[in-house]
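Each remark here refers to the structure printed beneath this line.
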Amino acid sequence: MIKFSLACERGHAFQSWFPDGDSFETQARRGLVQCAICDSVKVRKALMAPAVHGARRAEAVDAEKPVALIDDKQRELRAAIVDLKRRIEANTDDVGGRFPEVARAMHAGDEPERAIRGRASMDEARALIDDGIGVLPIPMAPDEVN
């Protein structure tokens, strides 16, 4: 795990943990890294000094104490997202990558109306919305991101 110092386009500074540097880049590119203060997704790494721990420092760390990587607000938000995803999965049919096709067929009356879920690219989702077909992108669950 690595902790990065981050800053959003508005200059808010905050920190977050990632499995590695590539994970930050991938998540930031997908708009999954948000400013902890204003929720902006235009986030970049800020300058930071590496932490170097000597032997004495390592011995002083109490392994029994829990380390909080996220605050209570983030924990509640993650729990809400997980709950939302469970409810959606329990009450919808998964049509996978055929989502745009099935949604269009239902809109046209060629397929029975029902609650569906699946995958669509951003371009496909925008095209559905532009054509008056209601879609609701849902956030990824925390375990899908890391």
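Tabulated data for the structure shown
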{"read-out": "Difference of contour (0.36 nm per residue) and Cα-Cα distance, Glu101 to Leu136", "value": "11.0 nm"}
{"read-out": "Sites Arg75 and Arg126, calculated FRET efficiency, Cβ-Cβ separation with R0 35 Å, nearest 0.05", "value": "0.60"}
{"read-out": "Farthest positive-ward along segment 73-145 dipole, Cα basis, beta-carbon charges - from Gly109, Ala90, Leu77", "value": "Leu77"}
{"read-out": "Two-site FRET efficiency, Lys45 against Thr92, from Cβ-Cβ distance with R₀ of 41 Å, rounded to 0.05", "value": "0.65"}
{"read-out": "Cut-off under 5 Å, modelled amide H: who pairs with Leu6 long-range", "value": "Phe14, Gln15, Ser16, Ala46"}
{"read-out": "Expected-Rg normalisation [2.2 N^0.38 Å, Cα atoms] applied to segment 73-145", "value": "1.21"}
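Only the coordinates and a few stated rules stand behind these numbers; no lab work does. In this text, all values refer to a predicted model and were calculated from it rather than measured experimentally. Don't worry about glycine lacking a Cβ; one is built from the backbone with ideal geometry, like all the others, and counts go over all protein chains shown.
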